[in-house]
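A quick write-up on the structure given underneath.
The values are calculated or read from the model by the stated rules, or taken from the named source; none is laboratory data. Not measured: the values here are computed from a predicted model. Here Cβ is always computed from backbone atoms with ideal geometry, including for glycine, and neighbour counts include all displayed protein chains. What goes into the accessible areas is simple: the full protein's heavy atoms, side chains included, and nothing from ligands, DNA or RNA. Shrake-Rupley method; radii C 1.70, N 1.55, O 1.52, S 1.80 Å.
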Amino acid sequence: LELVFLDRLKEIPPDSFAAFYLQTFGIPFYQPVAWVVTWGELYSAIGLLIGLTTRWAAGVSFFILLNIAIGGYYDASLIPFFILNIIFLSWPSGQWLGFDRMLARRYPASPLFR
């Protein structure tokens, strides 16, 4: 990941916010970033697929997507992913067919399954 960030740093304007972000956060902390992306995407994929903690999974996915965009990898292909994340965050999608429905009935006070 460090090599990917260093290559990207050469491609973007040096005075951009993306360059600042990569120099101060992405490159120095590339290992924790890699772990957060790996485990975060795995959690988001499973959560969104089976409807388990759907809004939390969408929030993690949105956070990762936002950091990818800030890091200089933004292009128009990310717009649908942002829209989908906002939809999952706004509507109780997991309540329709996912495990959130069953768990919300069992634990009505839990913010995880709303």
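Structure summary
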read-out: Accessible area of the chain belonging to carbon and sulfur atoms, whole % at 1.4 Å probe; value: 73 percent
read-out: In the stretch 31-81, the chymotrypsin sites (Phe, Trp or Tyr not before Pro) that fall in loop regions by DSSP, at most 15 other Cβ within 10 Å; value: Tyr74
read-out: 1.4 Å probe accessible area per residue over the chain, in Å²; value: 67 Å²
read-out: The chain: most fluctuating residue of Ser93, Ser44, Ser16 per GNM, C-alpha cutoff 10 Å; value: Ser16
read-out: Accessible area of Glu11 in the full protein assembly, 1.4 Å probe (Å², nearest 10); value: 130 Å²
read-out: Under the Karplus curve 6.51 cos²θ - 1.76 cosθ + 1.60, θ = phi - 60°, whole-Hz ³J(HN,Hα) for the stretch 98-105, x wherever Gly or Pro sits; value: x, 5, 4, 4, 5, 6, 5, 5
read-out: Backbone HN-Hα couplings from phi across the stretch 34-47 [Karplus 6.51/-1.76/1.60, Hz, Gly and Pro as x]; value: 4, 5, 5, 5, 4, 6, x, 5, 5, 4, 5, 5, 5, x
read-out: Residue-count net charge about Tyr107 - beta-carbon cut-off 11 Å; Lys, Arg +1, Asp, Glu -1; value: +2
